[in-house]
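Novice: Before I ask anything, let me first share the structure, which is written out below as structure tokens.
The values are calculated or read from the model by the stated rules, or taken from the named source; none is laboratory data. Owing to the predicted nature of the structure, the values given are computational and were not obtained by experimental measurement. Cβ sites come from the backbone with ideal geometry, for glycine too, and all protein chains shown count toward neighbours. All accessible areas refer to the heavy atoms of the entire protein, side chains included, with ligands and DNA or RNA removed. Shrake-Rupley method; radii C 1.70, N 1.55, O 1.52, S 1.80 Å.
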Amino acid sequence: MPALDATDVAPTPGRGASPRRFGSATALVCRECGATYDLSARYACEECFGPLEVAYDHPPVRRADIEAGPPSLWRYADLLPVPPDPADRPTDLAPGWTRLHRADRLAAELGMRRLWVKDDSGNPTHSFKDRVVAVALTAARTLGLSTVACASTGNLANAVAAAAARAGLRSVVLVPADLEAGKIVSTAAYGGTLVAVEGSYDDVNRLCSEVAFDRADWGFVNVTLRPFYAEGSKTVGYEVAEQLGWRLPDQVVVPVASGSLLTKVDKAWRELGSAGLVEPTPYRVFGAQATGCAPVSRAFAAGLDVVAPVRPATIAKSLAIGNPADGPYALDVARRTGGAVGDVPDEEIVEGIRLLARTEGIFAETAGGVTVAVLRRLLESGQLDPDAETVVLNTGDGLKTLDAVVDVVGPTATIRPSYESFQEVGL
Amino acid sequence: MSVTVRVPTILRTYTKGAAEVTVEGATLADVVAGLDATYPGIGARVLDDEGRLRRFVNVYVDDEDVRFADGLGTPTPAGSTVSVIPAVAGG
């Protein structure tokens, strides 16, 4: 690869662009063999097929500068591969800076000392995917791409369609045809192109990868723009640390689909420690999967460092990735930090949704149910310390997955409109 | 047995830009060997030093991920299509 010239600020036409167009990002680097590439819409190493990741040469970043920033993920722009000038970023929906909720009632129920819920259902389209899309769309515009596209289990579909609508870009979203109706409707409402594919998410992902070979002017946010996209997940980790008063928790439980979010929370905390923004205290990272799609959990339990693909069968469709390419890296993080990866069957996912809702007033989608249910399992098995400060991530809103609970919750009673009738049911 | 191979963008320098090529082979291992004979060097991009499929390469024979079949031993019937795709995490 040609050497990068960090002083070159002129935009480069086509698929590449000069590094300064991406803030302090300097290159794409292969996670497997270390080969480097210019910042462009590429995602796989030409030498070994390994995934590419953004490398930086960060300037010093101070807490005060971040705290003076906007109440969105853009307060961390200096730590992201985005243009240095905010005017160059698209007029997006400014996701992030979601609440870190102290969950005392849930903690009491589980016998924990201190528990927090990082609630990303508060994002513009009600899931953490708004974060990754904000960064990917900025990259797409910087690279001069005409269309943004994605393969999605639903939440990403919502986020891409909405952000593209807001930015005035064309969107093409591909989803499995059997997704929850709410996710289909709430994507189609934004008016982009929505393609329902008769297959699993892994089939859709494969299709997008093949289509991307021949659509050089499209940015597939989670395929060709993946190195940029994935960096958006770091902002969950940054926010947790800042909201705790610039310190790291002892334990975190993260839902695992591709495995990317888990690895990026870890990356965020390591970056903050290296930058001197937090004390680099030890923490343990735990992953949560549904038993019906648990390739990473199985590999963890078996002591393997490769992840054998599975065919998903679970109500947690947003986590139903049977072939998670970041799985090996998620395993590395869990093992390096002394964490674990666990899984729970669908019945416990529903119980997890209900437990969080009745104790904290947070209605999570199925992925949040997985996280809470795995938290409980890890406590029961002694793998997670009830006395250590713990954060769990709720990545999406329960209104998106009503199907999961529609058969188990409903009216306490159905009565005639009379006082007598009210009394008859014991109220 | 003639098999069509869909070539990912990052390997098209070997195939002079061709997105699809045709090779002979009764199994995926034969197909990879056939590819390397016609386009020297391409085999080492798909296989590691021990001759196994690289960790971040997904290969499909028609619609079947070969890891659900017999890996490099997966049969490649005449007329089938082999797709070589960089693994991408999705999600």
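Novice: Just give me the residues in segment A:306-364 being within 26 Å of residue A:204 (Cα to Cα), under 20 Å from the mean Cα position of the chain (by Cα) and either among the charged types (D, E, K, R) or open to solvent by 50 Å² or more (accessible area, probe 1.4 Å) (or both), in sequence order.
Specialist: A:315, A:317, A:326, A:343
Novice: Considering only residues that are of a type in the set (A, V, I, L, M, F, W, C) and away from every other protein chain (no Cβ under 14 Å), look in segment A:237-262 and name the one that is farthest from residue A:156 (Cα to Cα).
Specialist: Only one residue tops the list, namely A:246.
Novice: Let me ask something else about it. Just to be sure before I move on: is residue A:106 more than 23 Å from residue A:279 (Cα to Cα), crowded, with 18+ Cβ neighbours inside 10 Å and outside the structural domain of residue A:182 (by TED's automatic domain parsing) in the structure I sent?
Specialist: Yes.
Novice: Do we find that residue A:367 is closer than 23 Å to residue A:249 by Cβ and in contact with a Gly (Cβ under 7 Å, 6 or more places away or on another chain) in this structure?
Specialist: yes
Novice: Regarding segment A:247-255, can at least one residue be identified that is within 20 Å of the chain's Cα centre (by Cα), in the same structural domain as residue A:338 (by TED's automatic domain parsing), surrounded by fewer than 24 Cβ atoms within 10 Å (Cβ to Cβ) and of a type in the set (A, V, I, L, M, F, W, C)?
Specialist: yes
Novice: Looking at B:69, B:44, can you tell me which residue is without any contact (Cβ under 8 Å) to a residue 24 or more places away in the chain and at the interface with another protein chain (Cβ under 10 Å from one of its Cβ atoms)?
Specialist: B:44
Novice: For the list (1) more than 16 Å from residue A:120 (Cβ to Cβ); (2) of a type outside the set (S, T, N, Q); (3) within 12 Å of chain B (Cβ to nearest Cβ); (4) open to solvent by less than 10 Å² (accessible area, probe 1.4 Å), I need the number of the one condition that residue A:161 fails.
Specialist: (3)
Novice: Also: Of all residues in segment A:107-146, count the ones that are at pLDDT 95 or above and not in a helix (DSSP H, G or I).
Specialist: 15
Novice: When you go through (1) among the charged types (D, E, K, R); (2) closer than 13 Å to residue A:259 by Cα; (3) in contact with a Leu (Cβ under 8 Å, 6 or more places away or on another chain) one by one for residue A:317, which number turns out not to apply?
Specialist: (2)
Novice: Within segment A:295-305, track down each residue that is within 14 Å of another protein chain (Cβ to nearest Cβ) and within 20 Å of the chain's Cα centre (by Cα).
Specialist: Within segment A:295-305, A:295, A:296 meet the criteria.
Novice: Could you tell me which residue of segment A:284-294 is farthest from the other protein chains (Cβ to nearest Cβ), considering only residues that are over 11 Å from residue A:340 (Cβ atoms) and surrounded by fewer than 24 Cβ atoms within 10 Å (Cβ to Cβ)?
Specialist: A:291
Novice: Hey, another quick one. Of the residues A:154, A:199, A:168, only one is at pLDDT below 95, within 14 Å of chain B (Cβ to nearest Cβ) and open to solvent by 10 Å² or more (accessible area, probe 1.4 Å); which?
Specialist: Exactly one residue qualifies, and that residue is A:199.
Novice: If you go through segment B:1-31, how many residues are within 14 Å of chain A (Cβ to nearest Cβ) and part of a strand (DSSP E or B)?
Specialist: Residues meeting the conditions: 5.
Novice: Still on this structure, I have one more. With respect to residue A:91, is the statement that it is surrounded by fewer than 17 Cβ atoms within 10 Å (Cβ to Cβ), modelled with pLDDT under 95, more than 14 Å from chain B (Cβ to nearest Cβ) and more than 26 Å from residue A:239 (Cα to Cα) true?
Specialist: Details: surrounded by fewer than 17 Cβ atoms within 10 Å (Cβ to Cβ): yes; modelled with pLDDT under 95: yes; more than 14 Å from chain B (Cβ to nearest Cβ): yes; more than 26 Å from residue A:239 (Cα to Cα): no.
Answer is no for this residue.
Novice: Among (1) within 11 Å of chain A (Cβ to nearest Cβ); (2) modelled with pLDDT under 95; (3) out of contact with any Gly (no Cβ under 9 Å at 6 or more places or on another chain), which single condition is residue B:81 missing?
Specialist: (2)
Novice: Now for a separate question. Among the residues of segment A:41-63, count how many are more than 12 Å from every other protein chain (Cβ to nearest Cβ) and open to solvent by less than 40 Å² (accessible area, probe 1.4 Å).
Specialist: Adding up the residues that qualify gives 3.
Novice: Quick one: how many residues across segment A:186-204 are within 21 Å of the chain's Cα centre (by Cα) and part of a helix (DSSP H, G or I)?
Specialist: 6
Novice: Something else: Taking residue A:261 and the conditions (1) among the aliphatic types (A, V, I, L, M); (2) in a helix (DSSP H, G or I); (3) farther than 30 Å from residue A:56 by Cβ, which numbered condition does it fall short on, given that it satisfies the others?
Specialist: (3)
Novice: Oh, and also: Consider residue B:35 carefully, then state whether it is of a type in the set (A, V, I, L, M, F, W, C), surrounded by 18 or more Cβ atoms within 10 Å (Cβ to Cβ) and more than 23 Å from residue A:51 (Cα to Cα).
Specialist: Against the criterion (of a type in the set (A, V, I, L, M, F, W, C), surrounded by 18 or more Cβ atoms within 10 Å (Cβ to Cβ) and more than 23 Å from residue A:51 (Cα to Cα)), residue B:35 qualifies.
Novice: Now a separate question. Does residue A:209 qualify as being among the small types (Gly, Ala, Ser), open to solvent by less than 10 Å² (accessible area, probe 1.4 Å), within 11 Å of chain B (Cβ to nearest Cβ) and under 24 Å from residue A:393 (Cα atoms)?
Specialist: Considered against the rule, which asks whether it is among the small types (Gly, Ala, Ser), open to solvent by less than 10 Å² (accessible area, probe 1.4 Å), within 11 Å of chain B (Cβ to nearest Cβ) and under 24 Å from residue A:393 (Cα atoms), residue A:209 comes out as no.
Novice: Does any residue of segment A:354-361 turn out to be in the same structural domain as residue A:256 (by TED's automatic domain parsing), at pLDDT 95 or above and outside any helix (DSSP H, G or I)?
Specialist: Step one: filter segment A:354-361 for residues in the same structural domain as residue A:256 (by TED's automatic domain parsing), giving A:354-361.
Checking which are at pLDDT 95 or above leaves us with A:354-361.
Then drop every residue that is not outside any helix (DSSP H, G or I), which leaves A:361.
Yes, segment A:354-361 has at least one match.
Novice: What's the total number of residues in segment A:268-306 that are in a helix (DSSP H, G or I) and more than 19 Å from residue A:245 (Cα to Cα)?
Specialist: Count: 8.
Novice: Report yes if some residue within segment B:53-65 is touching a residue at least 24 places away in the same chain (Cβ under 8 Å), of a type in the set (Val, Ile, Thr), within 12 Å of another protein chain (Cβ to nearest Cβ) and not in a helix (DSSP H, G or I); otherwise report no.
Specialist: yes
Novice: Follow-up. Restricting to segment A:171-190, and then to whatever is open to solvent by 60 Å² or more (accessible area, probe 1.4 Å) and of a type outside the set (A, V, I, L, M), can you tell me which residue is nearest to residue B:85 (Cα to Cα)? First the steps, then the outcome.
Specialist: Taking segment A:171-190 first, the residues open to solvent by 60 Å² or more (accessible area, probe 1.4 Å) are A:178, A:181, A:185, A:189-190.
Filter again for of a type outside the set (A, V, I, L, M), leaving A:178, A:190.
Values: A:178: 24, A:190: 31 Å.
The qualifying residue nearest to residue B:85 (Cα to Cα) is A:178.
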